[in-house]
Amino acid sequence: MSTRPPFPSEPTIEPTHQSVGAFRKVPRTGVIYVMGEAAKLGYAYKAEPGEDDWCNLGQGMPETGPLPGAPPRCESIPISVDDQEYAPVPGLWELREAIASFYNQAYRRGMPTQYSAENVSVSGGGRTSLTRAAAALGQINLGHFLPDYTAYEELLDIFRLFSPIPILLEGERQYDFSVRDLRREILGRGLGAILMSNPCNPTGKHVRGEELAAWVRTAGELDCTLLIDEFYSHYVYGEGAGTSAAPMESAARYVEDVERTPVVIFDGLTKNWRYPGWRVTWTVGPKDVIDAVASAGSFLDGGGSKPMQRAAIDLLSLEQAKKETIAIQRTFAKKRHLMLEGLRRIGVSVDVPPEGTFYVWGSVADLPAGLNDGMSFFRAALAHKVITVPGQFFDVNPGKRRAGRASRFSKHLRFSFGPAEEVCARALRRLEAMVRG
């Protein structure tokens, strides 16, 4: 049973009572923690919240209803007799073919090597696909960035074959990490792989274009596998966003040889297609990697939902994905602007405006006492029926090996503009009233 203390300012997010000694205390992710705290005060999910209802700026999912210009939403699916059976652990062959075809058409036209169904494994959710990959890793040093996705913390601690190595990113540098930095970390720390979200959850930093191409080249040259979480890769902002160009960036565009280049990609319907409840995700990479993660899936989870995988096939056409992406970028770029302006108005400073995702990573250090750290702000906002996520949860610390030290991100919070625009606007009005007192 774990007795490792949390950070001094960190809430205990583990169960307070353990009745059966054979089990360890398993921590919850930061998002689950904040939702639990809100629920204690009366929060309950509503698909269409009213003016007096809670505003969930902590949510890790996009709004799932119709968007202007987007393809119609799927509201029902047929289920055949055959689909009552288990799906194959690596996923339905037809869906794997559709995913491979999507990547080839979107990113690899004219390239000498192409993805096939054997380069794809399907899972029942993003955490499941990442867990399969972690279970299949060998005895390596695995680099991970700070800050990054909260669920990486327990994932990086549960499997003991590899050693997680933190890589610090600095707000003063706008969380930039150059190819030179990448080379130094790989060589200096002997990294066999790097796990990263791109665009980054929570900062919204996005490695793309020639910079991403250079990362892929460097990884190949130094034989360091890039494990790239691309679940927000259609939520990109800047030049070309929201137009017919629909920049859906992926490292797949820069992979020279699909069997030899050490790049493994994770994505799914959850964010980029706005179907989080379907729990249909995938891993794309060299065939031997796919064999390994599928083998891990055979004892970890046994495979995903066969009816949902069958229904997902029709969503993987490039034309449909482009239309959805254009609609996402137009709608979420507007909410991004709203959130940035509203937070700055109340005194929240933003190290770098998000280049991707639907989050703003902001510091409350300059706010009045009682609101000038992430946990205090979070608690105060709950009293106004607004949910946020304190930044310390993104200070990924597997095994609590840095216990006894205050989090570098104790003054930060993550604010989601995943909810509908009117919910975001209402939340900002409440937060402004809270700060103004």
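For the reader, a short list of remarks on this structure follows.
- Residues with amide H under 5 Å from that of D148, placed H, sequence gap 5 or more: V396
- Positive minus negative residues near A70 (Lys, Arg vs Asp, Glu; Cβ under 12 Å): +3
- Span-rule helices in the chain, defined as complete DSSP H runs reaching 27 Å or more along the axis (Cα) with Kyte mean at least -1.0: 318-345
- FRET efficiency, A365 to A425 (Cβ-Cβ, R0 25 Å, nearest 0.05): 0.50
- Label of the coordinate-derived value, Cα Rg over 2.2 N^0.38 Å, listed as [x] 1.02; [y] 0.95; [z] 1.10: [y]
- Share, in percent, of DSSP beta bridges within the chain that are antiparallel, nearest 5: 45
- Test item: Cα-centred dipole of segment 82-317, Lys/Arg +1 and Asp/Glu -1 on Cβ, debye: 140
- Whether segment 153-229 is rounded, prolate or oblate, judged on the alpha carbon gyration tensor where a/c under 1.5 counts as rounded: oblate
- Integer Hz, Karplus 6.51/-1.76/1.60 couplings in order for segment 357-367, x for Gly and Pro: 6, 10, 10, 10, 9, x, 9, 9, 4, 8, 7
- Under 12 Å, Cβ to Cβ, from A117 - net charge with Lys/Arg +1 and Asp/Glu -1: -1
- Sparse-neighbourhood loop sites, chymotrypsin sites (Phe, Trp or Tyr not before Pro) in segment 86-156 - DSSP loop, at most 11 other Cβ within 10 angstrom: Y86
- Net +/- balance of residues flanking A383 in space, Cβ distance below 13 Å, scoring K and R +1, D and E -1: +3
- Expected 222 nm ellipticity per residue - DSSP helices of 4 or more, -39500 (n - 2.57), all of the chain, to 500: -10500 deg cm²/dmol
- When peptides 134-144, 69-79 are sorted by average Cβ neighbour count within 10 Å, with the highest value leading, the order is 134-144, 69-79.
- Sequence-distant lysines (8 or more away, or on other chains) whose Cα lies within less than 26 Å of K205: K271, K322, K323, K334, K335, K400, K411
- FRET efficiency for A433 and V352, using Cβ-Cβ distance with R0 set to 22 Å, rounded to 0.05: 0.20
Each value in this text was obtained by applying a stated rule to the coordinates, not by laboratory testing. For clarity, every value in this text was computed on a predicted model and none was experimentally measured. So basically every Cβ, Gly included, is an ideal-geometry build from the backbone, and we count neighbours across all protein chains shown.
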